[in-house]
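Just so it is clear, none of the values below were taken in a lab; they were calculated from the coordinates. Given the structure is predicted, the values throughout are model-derived calculations rather than measurements. Here the Cβ positions follow ideal geometry from the backbone for every residue, glycine too, while neighbour counts run over all protein chains shown.
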Amino acid sequence: MTGAAHTEYMRGYRAKNRDRLNAHVRANTAKRGRLAAFRSKRLALACDPTAVAARFWSKVDRNGPVPPLHPELGPCHVWTGATDNPGGYGVFWLAGRLVRAHRYAFEMESGPLAEGLFACHHCDNPPCVRRSHLYAGSQAENVRDMVARGRQGGLGHTKAAAS
Ligand SMILES: [Zn+2]
């Protein structure tokens, strides 16, 4: 290959690569655009209260057990999704964060809990997300609930503990 031919060849090579690079950049830009659209759609879905509530309640069994010590409360609405152990509380993905299901149920109906307050159970049943079975309590009340649960062994054993 003569020097002139080689120069010409390299010019063509660079031009060809530039085209390829440009095509690559264009394709990536389009891909990023699609990805951004997908992310914003997913985020919108994650932030849409109606969609979130529908997803939440699809994981709830409204025919749970009636609390033996508080039958007047009616049946528990039991979380059937994932739970965290050893607490046994339901957990729920919300916009990329894992939240306690019963706390979310409480806040969905009554607004955000004040700093230092917890969603506690009248029914002593950790996976229960029924709003009327929940109350806003302090850390002390939350711990007292857990101690009571430990002593009674939870809902399944309250009869034995009470007798
Ligand atoms: Zn309950």
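Protection proxy ranking, highest mean first, for peptides 17-26, 43-52: 43-52, 17-26, where packing is the per-residue count of other beta-carbon atoms within 10 Å, averaged. Compared with the alpha-carbon gap, the fully stretched path from residue 24 to residue 6 is longer by 3.8 nm at 0.36 nm per residue.
Given the -39500 (n - 2.57) contribution per DSSP H run of 4+ residues, what per-residue ellipticity at 222 nm results for the chain, rounded to the nearest 500 deg cm²/dmol? After summing the helix terms and dividing by the residues of the chain, the value is -17000 deg cm²/dmol.
Note that the stretch 84-96 has calculated 3J(HN,Hα) couplings of 9, 10, x, x, x, 6, x, 10, 9, 7, 10, 6, x Hz, one per residue in order, obtained from phi through the Karplus relation 6.51 cos²θ - 1.76 cosθ + 1.60 (θ = phi - 60°); glycine and proline are x.
Scanning the chain for cysteines with no neighbouring cysteine C-beta under 4.7 angstrom from their C-beta gives 47, 120, 123.
Here the extension length gained between residue 51 and residue 83 equals 9.4 nm, from 0.36 nm per residue of separation less the Cα-Cα distance. Extension gain for residue 35-residue 142 works out to 34.2 nm (0.36 nm per residue, less the C-alpha to C-alpha distance).
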